[in-house]
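Q: Have a look at this one.
What follows is calculated from the coordinates using simple rules that are stated; it is not laboratory data. Just so we're clear, the structure is a prediction, and the values are computed from it rather than from any experiment. Here the Cβ positions follow ideal geometry from the backbone for every residue, glycine too, while neighbour counts run over all protein chains shown.
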C-alpha cells in the first residue's frame with residue numbers, strides 16, 4: 001500500500017512521494033506535505049522556469065532561485081511564470 005499525505009497543493013489526501021525529492025528541511029517538508037501529482041506539477045513549472053529564464057541549474061544562483069520558487073510554489077503565494085511567458089496551445 002502506498003503512503004498518503006494531506007497535500008498542501010491539492011487540499012486533500014493523495015498518494016505521497018516515495019522518497020524526499022530534495023535535500024534538507026525543505027525536502028522533508030515536501031516529502032511530508034506534497035503528493036506525487038503536485039510534485040509533477042512542480043517539475044513542469046520548474047522546466048518552464050529553466051527554459052524561460054535560460055537558467056543553468058548547475059550554477060549556484062540558478063539553484064538558489066529554483067529553491068526559492070519551489071518553496072513559494074508549495075508553501076507560499078505560488079510561483080508565477082515570467083510576464084512574457086505564453087503557454088503553448090494544446
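Q: Pairing the Cα long axis of helix 24-33 with the longest principal axis of the chain, what angle in degrees results, from 0 to 90 and rounded to the nearest 10?
A: 60
Q: By its C-alpha gyration tensor, with a ≥ b ≥ c as the square roots of the eigenvalues, how is the stretch 4-75 shaped: rounded for a/c under 1.5, else prolate for a/b larger than b/c, else oblate?
A: Note, shape of the stretch 4-75 comes out prolate.
Q: Go ahead and estimate [θ] at 222 nm for the chain from helices alone: -39,500 (n - 2.57) per DSSP H run with n ≥ 4, summed, over the residue count, rounded to 500.
A: -15500 deg cm²/dmol
Q: Give the angle, between 0 and 90 degrees and rounded to the nearest 10, that separates the Cα long axis of helix 36-52 from the longest principal axis of the Cα atoms of the chain.
A: Long axis of 36-52 versus the principal axis of the chain: about 10 degrees.
Q: Next question. Kindly put 36, 64, 83 in sequence by how many other C-beta atoms sit within 10 Å of each C-beta, fewest to most.
A: 83, 64, 36
Q: Between 35, 79, 68, find the one with the highest GNM mean-square fluctuation for the chain; connect C-alpha pairs within less than 10 Å.
A: Maximum fluctuation in the GNM of the chain, among the listed residues, is at 68.
Q: Taking the Cα atoms only, what angle lies between the long axis of helix 60-75 and the longest principal axis of the chain, rounded to 10 degrees?
A: 50
Q: What's the extension gain from residue 61 to residue 6 if we count 0.36 nm per residue and subtract their Cα-Cα distance?
A: Gain on stretching residue 61 to residue 6: 16.6 nm.
Q: Please report the relative contact order for the stretch 4-75, taking Cα pairs under 8 Å with a sequence separation of at least 6, and give it as a percent rounded to a whole number.
A: 28
Q: Also, I was wondering about something else. Kindly state, to the nearest 0.05, the FRET efficiency for residue 81 paired with residue 40, given R0 = 22 Å and r defined as their beta-carbon distance.
A: The pair residue 81/residue 40 has a calculated efficiency of 0.85.
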